[in-house]
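Novice: First the structure, then my questions, so here it is.
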Amino acid sequence: MASKNILSLSAMEKIMKSAGAYRVSEEAKQALRSVLEEIGEKISREAIELSRHANRRTIKAGDIKLASKQR
């Protein structure tokens with residue numbers, strides 16, 4: 001996993017509140033950020049491999065969608 005956090009804690013709170021949470025602790029925001037960044041990195045790696053296999057240097061939305069389904 002990346003050592004530097006990419007996603008903001010405020011975005012994590014927005015996600016949880018849109019899912020129905022009334023209040024969200026700082027620890028919950030940090031935990032969600034960690035999980036989502038880890039999953040995002042794994043999907044990105046797989047999408048990169050898919051684009052390379054197709055002899056492309058550009059990652060397309062379809063690569064991301066396919067990589068996320070392979071999990």
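The values are calculated or read from the model by the stated rules, or taken from the named source; none is laboratory data. Computed from a prediction, not measured in an experiment: that's the story for all the values here. Glycine gets a Cβ as well: all are built from the backbone with ideal geometry, and neighbour counts include every protein chain shown.
Novice: Going residue by residue through the stretch 4-18, is there one that turns out to be among the basic types (Lys, Arg), modelled with pLDDT under 95 and outside any helix (DSSP H, G or I)?
Specialist: yes
Novice: Let me ask something additional. Select from the stretch 54-67 the residues that are surrounded by 15 or more Cβ atoms within 10 Å (Cβ to Cβ) and either of a type in the set (Phe, Trp, Tyr) or in a helix (DSSP H, G or I) (or both) and list them in ascending order.
Specialist: Answer for the stretch 54-67, where residues must be surrounded by 15 or more Cβ atoms within 10 Å (Cβ to Cβ) and either of a type in the set (Phe, Trp, Tyr) or in a helix (DSSP H, G or I) (or both): 63, 64, 67.
Novice: Name every residue in the stretch 31-71 that is closer than 26 Å to residue 9 by Cα and hydrophobic (A, V, I, L, M, F, W, C), in order of residue number.
Specialist: 31, 32, 35, 36, 39, 43, 47, 61, 64, 67
Novice: Follow-up. Could you list all residues from the stretch 19-34 that are part of a helix (DSSP H, G or I) and either surrounded by 12 or more Cβ atoms within 10 Å (Cβ to Cβ) or at pLDDT below 95 (or both)?
Specialist: Selection gives 28, 29, 30, 31, 32, 33, 34.
Novice: Among the candidates 51, 44, single out the residue that is at pLDDT 95 or above, of a type in the set (Ser, Thr, Tyr), surrounded by 11 or more Cβ atoms within 10 Å (Cβ to Cβ) and closer than 20 Å to residue 6 by Cβ.
Specialist: Sole residue among the options that is at pLDDT 95 or above, of a type in the set (Ser, Thr, Tyr), surrounded by 11 or more Cβ atoms within 10 Å (Cβ to Cβ) and closer than 20 Å to residue 6 by Cβ: 44.
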